[in-house]
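A short write-up of the structure that comes next.
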Amino acid sequence: RLLSEKKAVADLIATLSLLDPDPVVRIASIRDAGERAARAMPDPDDAARLLDALGKCSAALNAKLATANADERAVIAPAIAAIAIAKADRPTSVASPVPGNATVSAANAALIKAQQATASDTSLVATLKDTISASSTYLDHLEARQALLEELPKTAAALKRQLEKDPKGQFAPALNETIASIELVTSADSATRIASATTLGKMGTSRAANLLDKIAQAAQRMGDKELESAATTARDSANRYQTFAHSVQNTFAGLSLGSILVLLALGLSIIFGLMGVINMAQGEFMMVGAFTTFVVANFFNQHMPQYYGYYLAIAIPAAFLVSALVGYFVEATVIRHLYGRPLETLLATWGVGLVMIWAVRWKFGDNVSIRPPRWMEGGWEIAPDIVFPLNRVYIILFCAICIAIVYFVVNGTKLGLLLRATTQNREMALALGVPTRRVDGLTFAFGAGLAGLAGVAVPLCDKIKPEMGQDYIVDCFMVVVVGGVGKLAGAVWAGLGLGFIGKYLEPILGAMPSLASGASVIGKVLVLGMIILFLQWRPQGLFPPKGRQTDA
């Protein structure tokens, strides 16, 4: 009784969720009803496991039959016959299990009798137990699928009523897909099934492709050539759309990753191009910005939870200022004494980075996370199965705004003028009264502050940890080298390019079974190899220096 009550409550919840006032919840519930149609289809793997167990059991029973007594023969022979009937069973529709419930139940009952009659043969009893267990599991799965099949027509009728009320509304695509999925599985009319398969093929979603593949296999088993052809054609169409959808998603993922790399590399490019400092602590300055963001978000969460959605308005300037101040301190105490010695700046900044990592680990621990504001949750579905997560959309916009601000600072402010003058000809700038040492300090602080801004973006899509900067620093240096040292436009184009290449390589490598486990690492190695080959062709990067800068 308790199980029946639970099922009734579950059915009521599922029905009410189909009318949920929240559009996101309602669409998810409608699509889940379509996925239930796919789950109602027989699982070939279930059947394969059962048939394998029945085959082994039949062989064991036949071997026993040669030495069995009359009583044992009386139960072994019917068991062998029942297994043969179950193995020879054929489907009557695409949703019919093979073997079916009746033949498997009969075989199960015969095997139980055989187990009782041959209790002295431990080896055979073990085989019989395994087979009985496999058939019982198979029957349980059939019962669950049968319950789904009985429920689906009612769901389809309710969804059709919704569609009739608003045939072109925001729920119409999900309703049409789910109705077609249910009719493809449950309808006895061949024309309806073929029309449903064609509809799903045009929609092209991953759910449709999965169901069409199951239908094509089921139609092949039952010998329905017409349905098999329609389902195969529709499945191929859906798979082509999925290839396109994956390429769009990879492009977007590459753009979001590239945006963060660009923001981090801009500061490094300015520091390296102006000061000749190989700043291995640039990733740690990003980490400082990330933990500053965490502190601000945590303060809002504890003291002003009603305003939590606005914490970024404080976190962005705070991350920039804190990272810039730390950068100014590092330049004044360490870097200022190492100008003209790039290898020593590399070792020094690497050590500074380690100190920053351990200091942050001592204060905050190993892993913390930030809950994004509510307005950043969810996704923007521009087409079926093409969903852009809102947090990454805002990351791209944020990075684009920061890049525009950097361009304005470098090309439209006095600091930018002094920075460019010092970069192009430090001696001449010094002779004209430019305070190059102060410019160096402000420039290092500005570059560190830009890394801090990148630290605001990363927590919106990843966890925060003390060593998080080390995950980005190598890619960051590759961006600077490929783009051209000190070239802001080069950093932008190289960052986006490396982001795209990395995100396209990973799924390609992941599709290869022998490389799938190490796809990410192999992808980075291949990108590094491409960069080495590129630098053999253009040693000074995408945007080499021109005029007097060439000799700088």
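The values are calculated or read from the model by the stated rules, or taken from the named source; none is laboratory data. Treat the numbers as computed from the prediction; the structure is a model and nothing was measured. Glycine gets a Cβ as well: all are built from the backbone with ideal geometry, and neighbour counts include every protein chain shown. Only protein heavy atoms, including side chains, enter the accessible area calculation; ligands, DNA and RNA are left aside. Shrake-Rupley method; radii C 1.70, N 1.55, O 1.52, S 1.80 Å.
Can you confirm whether Leu152 is touching a residue at least 60 places away in the same chain (Cβ under 8 Å), part of a helix (DSSP H, G or I), within 34 Å of the chain's Cα centre (by Cα) and farther than 23 Å from Leu50 by Cβ? It would help to see each step written out before you state the result.
On the way: touching a residue at least 60 places away in the same chain (Cβ under 8 Å): yes; part of a helix (DSSP H, G or I): yes; within 34 Å of the chain's Cα centre (by Cα): yes; farther than 23 Å from Leu50 by Cβ: yes.
Yes: the conditions hold for Leu152.
Checking every residue in the range 281-289 against the condition of being surrounded by 15 or more Cβ atoms within 10 Å (Cβ to Cβ) and either at pLDDT below 85 or over 29 Å from the mean Cα position of the chain (by Cα) (or both) gives at least one match.
The set of residues from the range 336-351 being within 38 Å of the chain's Cα centre (by Cα), of a type in the set (A, V, I, L, M) and either under 19 Å from Ala454 (Cα atoms) or open to solvent by 30 Å² or more (accessible area, probe 1.4 Å) (or both) comprises Leu346, Leu347. Of the candidates Val94, Val98, Val104, the single residue that is farther than 20 Å from Ala74 by Cβ, assigned to a helix (DSSP H, G or I) and within 47 Å of the chain's Cα centre (by Cα) is Val104. Taking residues in the range 291-304 that are closer than 17 Å to Phe364 by Cα, and partners anywhere that are part of a helix (DSSP H, G or I) and among the small types (Gly, Ala, Ser), the pairs with Cβ atoms closer than 6 Å and at least 6 places apart or on different chains are Thr292/Ala318; Thr292/Ala319; Thr293/Ala315; Thr293/Ala319; Val296/Ala315; Val296/Ala318.
Restricting the search to the range 364-381, which residues are at negative phi, free of Cβ contacts under 8 Å to residues at least 40 places away in the same chain and surrounded by fewer than 12 Cβ atoms within 10 Å (Cβ to Cβ)? Selection gives Trp380 alone. Within the range 467-507, restricting attention to residues that are outside any helix (DSSP H, G or I) and under 24 Å from Val288 (Cα atoms), the residue that is most open to solvent (accessible area, probe 1.4 Å) is Glu467.
If you scan the range 155-196, which residues turn out to be among the polar types (S, T, N, Q) and assigned to a helix (DSSP H, G or I)? Let's see the steps before the verdict.
Pass one, the range 155-196, residues among the polar types (S, T, N, Q): 155, 162, 170, 176, 178, 181, 186-187, 190, 192, 196.
If the condition is that a residue be among the polar types (S, T, N, Q) and assigned to a helix (DSSP H, G or I), then Thr155, Gln162, Asn176, Thr178, Ser181, Thr186, Ser190, Thr192, Ser196 are the ones that fit.
Checking each residue in the range 96-136 for being under 16 Å from Ala53 (Cβ atoms), without any contact (Cβ under 8 Å) to a residue 60 or more places away in the chain and β-branched (Val, Ile, Thr) picks out Thr103, Val104, Ile112, Val125, Ile132.
Only residues in the range 171-183 that are modelled with pLDDT under 90 and of a type in the set (Val, Ile, Thr) count as the first member; pair them with residues that are assigned to a helix (DSSP H, G or I) and open to solvent by 10 Å² or more (accessible area, probe 1.4 Å), Cβ under 8 angstrom, at least 6 apart or cross-chain, and list the lot. If the second residue must be assigned to a helix (DSSP H, G or I) and open to solvent by 10 Å² or more (accessible area, probe 1.4 Å), no pairs are left.
Check the range 319-335 and report whether any residue there is in a helix (DSSP H, G or I) and either among the charged types (D, E, K, R) or exposed (fewer than 13 other Cβ atoms within 10 Å of the Cβ) (or both).
The first filter runs over the range 319-335 and keeps only residues in a helix (DSSP H, G or I), leaving 319-333, 335.
Cutting the leftovers down to either among the charged types (D, E, K, R) or exposed (fewer than 13 other Cβ atoms within 10 Å of the Cβ) (or both) gives us 331, 333.
Looking through the range 319-335, at least one residue is in a helix (DSSP H, G or I) and either among the charged types (D, E, K, R) or exposed (fewer than 13 other Cβ atoms within 10 Å of the Cβ) (or both).
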